[in-house]
Amino acid sequence: MTHPHAEPHARTEPQNEPPAHPSHPSPGDSAAWDERYASAEQVWSGDPNGSLVAEVTGLAPGRALDVGCGEGADAVWLARLGWDVTGLDVSKVALDRAERHAADAGVRVTWVRSGLVDAPLPSGGFDLVSAQYPALLRTPDHQAERALLAAVAPGGVLLVVHHADVEAGSGHGFDPADYVMPADVAALLGDGWQIEADDRRPRTVRGGAGAGHSHDLVLRARRRS
């Protein structure tokens, strides 16, 4: 559902970027996301997201979850660093591209075709959970936010990044208030978490569908227990 890289997809993403016009389908609409990806040879830049690189460089590799992995740039970058990566996305077209990207790079990634909430993820199973520009719908019971938190292992890091300059799409029914943002995730962090970064940053992307955005909101939190 992308998003992302760096960008992709969640986008779950993609899930990487909330739909801002008709070519950005609703989260969870796998057929529409397949059509979106099939409309171009490459949707995202092919580079890892800058905020991911900045926040993860220096961390000891472990198990990583890339939520809304899109065409796989983030997942492949992490795998090259020695992470055991699971890439999650609803689009088969995107995952097929991601798999080819990983094969070309000579790395192994586990690809799972699913939305975040429905994914069969182990509780506390990941040392890093990365959600770059996820298209995760807000719900009254905070399903998506709680799924992100539940996936992080004790001592692990949760990294949620979104565009700071997202506006409602004129005439397309898109309202960014319908989507989970870093602040929504931060609001659920209790005493068992330590916020290590929560800020707005400029971003530079060389190309791809997300290149028009100039600033990111970055939340990095570590699970204490």
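Every listed requirement among (1) of a type outside the set (Phe, Trp, Tyr); (2) modelled with pLDDT of 75 or more; (3) surrounded by 13 or more Cβ atoms within 10 Å (Cβ to Cβ) is met by Ile195 save one, (3). May I ask you to list pairs of residues, at least six apart or on different chains, whose Cβ atoms are under 7 Å apart, with the first in the range 112-130 being under 30 Å from Gly58 (Cβ atoms) and the second being in a loop (DSSP other than H, G, I, E, B) and among the polar types (S, T, N, Q)? Short answer, once both residue conditions are applied: Leu116/Thr12. Would you mind stating whether Pro182 is surrounded by 13 or more Cβ atoms within 10 Å (Cβ to Cβ), at pLDDT 95 or above and either out of contact with any Ser or Thr (no Cβ under 7 Å at 6 or more places or on another chain) or among the charged types (D, E, K, R) (or both)? Criteria met by Pro182.
For the range 43-60, residues that are in contact with a helix residue (DSSP H, G or I) (Cβ under 8 Å, 6 or more places away or on another chain) and either at pLDDT 95 or above or not in a loop (DSSP other than H, G, I, E, B) (or both) total 3.
Determine, yes or no, whether Glu71 is surrounded by 18 or more Cβ atoms within 10 Å (Cβ to Cβ), modelled with pLDDT under 95, among the charged types (D, E, K, R) and over 24 Å from Arg146 (Cα atoms). Yes; evaluated as a whole, the condition is true for this residue.
crowded, with 21+ Cβ neighbours inside 10 Å, of a type in the set (Phe, Trp, Tyr), modelled with pLDDT under 60 and not in a loop (DSSP other than H, G, I, E, B): does that describe Trp33? Yes. The residue that is farthest from the chain's Cα centre (by Cα), among those in the range 74-92 that are over 20 Å from Leu137 (Cα atoms) and part of a strand (DSSP E or B), is Asp84. Just so you know, in the range 128-172 the residues that are crowded, with 24+ Cβ neighbours inside 10 Å and of a type in the set (S, T, N, Q) include one that is modelled with the lowest pLDDT, and it is Gln132.
For Ser225, state whether it is at pLDDT below 95, under 29 Å from Pro120 (Cβ atoms) and surrounded by fewer than 18 Cβ atoms within 10 Å (Cβ to Cβ). So Ser225 passes the test. For Ala177, the conditions (1) hydrophobic (A, V, I, L, M, F, W, C); (2) modelled with pLDDT under 95; (3) closer than 23 Å to Pro48 by Cβ are fulfilled apart from (3). Taken over the range 93-151, residues that are part of a helix (DSSP H, G or I) and farther than 19 Å from Val185 by Cβ amount to 13. Just one residue in the set Leu116, Leu121, Leu78 is more than 16 Å from Leu52 (Cα to Cα), touching a strand residue (DSSP E or B) at 6+ places or on another chain (Cβ under 8 Å) and crowded, with 24+ Cβ neighbours inside 10 Å; that residue is Leu116.
The values are calculated or read from the model by the stated rules, or taken from the named source; none is laboratory data. Since the structure is predicted, the reported quantities are computational estimates derived from the model, not experimental observations. Positions of Cβ are backbone-derived with ideal geometry, glycine not excepted, and every protein chain shown enters the neighbour counts.
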